[in-house]
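First comes the structure, then the notes that go with it.
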Amino acid sequence: MLTPLLTLALLAASGDKPAPATNATCPVLGGKVTEKSKTVAVRGREYRLCCAGCDTKLLKDPDKFLEKDGTPKNAKKK
């Protein structure tokens, strides 16, 4: 049985990187984001955020802000 620290080390060494962020608005507050905005990885995908504090909110309750497929709930529907 692997210890939790060893498991995390193996996952980090595997090279699995999250998919790059493509969102144009913050999934938490809906503010505009740019390529220079802070990002956070959730469920294997990065999301750009508009301000400090959004990272904590998104990580704490991703289901509140993201659809099951990873699309931000506040994304404009076409």
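The values are calculated or read from the model by the stated rules, or taken from the named source; none is laboratory data. Note that this is a predicted model, so its numbers are computed, not measured. These area figures cover heavy atoms from the full protein model, side chains too; ligands, DNA and RNA do not enter into them. Shrake-Rupley method; radii C 1.70, N 1.55, O 1.52, S 1.80 Å.
Would you mind working out the accessible area per residue for the stretch 35-78, using a 1.4 Å probe, and quoting it in Å²? Walk me through the intermediate numbers first.
Details: 3320 Å² over 44 residues.
Roughly 75 Å² per residue, with all protein chains present.
For Leu66, nonlocal amide neighbours, meaning residues 5 or more places apart or on other chains whose placed amide H falls under 5 Å from its own, are Lys73. For Arg45, the residues 5 or more places off, or on other chains, whose built amide H falls under 5 Å of its own are Ala19. How far, in nm, would the chain grow between Glu46 and Lys73 when pulled straight, counting 0.36 nm per residue and subtracting the alpha carbon separation? Contour length minus Cα-Cα distance gives 8.2 nm. Taking a straight Cα-Cα cut-off under 18 Å and skipping sequence neighbours fewer than 8 places away in the same chain, the aspartates and glutamates within cross-link reach of Lys68 are Glu46.
Please compute the length gained on full extension between Leu29 and Lys64, using 0.36 nm multiplied by the number of residues separating them and subtracting their Cα-Cα distance. Before the final figure, lay out each step's value.
Details: separation 35, 0.36 × 35 = 12.60 nm, distance 1.17 nm.
Length difference between fully extended and current span is 11.4 nm.
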